[in-house]
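Have a look at the structure below, then the notes.
The numbers here are math on the coordinates, done by the rules we state, and not lab data. Just so we're clear, the structure is a prediction, and the values are computed from it rather than from any experiment. Cβ coordinates were reconstructed from backbone atoms using ideal geometry, including for glycine residues, and neighbour counts include every protein chain displayed.
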């Protein structure tokens, strides 16, 4: 059975913007406190930004789901996914989180999807997409990081990188590119995405193991 791999694309055609340490909690500090990494500035994260080609996200096994955990929000944010790649209208909201809040959700039964963020900082409202071509300002508003690659680097926590396989961090900037307050800190919403077996798959596997145990017990009773 194929592993539940997520293929990610953060549009290579979009220019990589700098990762700054803004006036709020910087992205590197959020990752350090969550995963035990040893970054000293957000610019240390630049080499770990995923820049492969579309499709944005693809799950290669129907028996897997994507667990989503909001680990930090600097503003009021609504986060979800869409299935009409290239358009972004068929949206499903996963959670709304307020400043400093966290949230959990899951994506299942979907093979190809993109992510979106609807944000209302300072009274305005904008929707940004993982597909940069859909963003009205042409700016890339999401950076994606592979936790397995980070933990396997000199910035890792000493944990086994394999324990972070199929785990990604999605970091968002919620202000338009021409906004006077734009700081390019990509910490307005920070989300972990991990690929895990569907609960039903785990249950069926458990029932299978239990069935084998019962059969072995009955065989032993016959022998004795």
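Annotation: peptides 29-40, 65-76, 85-96, ranked by per-residue average of other Cβ atoms within 10 Å with the highest first, follow the order 65-76, 29-40, 85-96.
For 165, 141, the sequence from fewest to most other C-beta atoms within 10 Å is 165, 141. Translational diffusion of the range 6-198, estimated by Stokes-Einstein from the Kirkwood radius over alpha carbon pairs at 4 °C in a medium of 1.567 mPa s, is 78 µm² per second.
Counting every other Cβ atom within 10 Å of each residue's Cβ, 110, 195, 190 order from fewest to most as 110, 195, 190.
Once the Cα-Cα distance is subtracted from the 0.36 nm per residue extended length, the residue 83 to residue 177 segment shows a gain of 31.3 nm. Relative contact order, whole percent, for the range 6-198 stands at 27, derived from Cα pairs under 8 Å and 6 or more residues apart.
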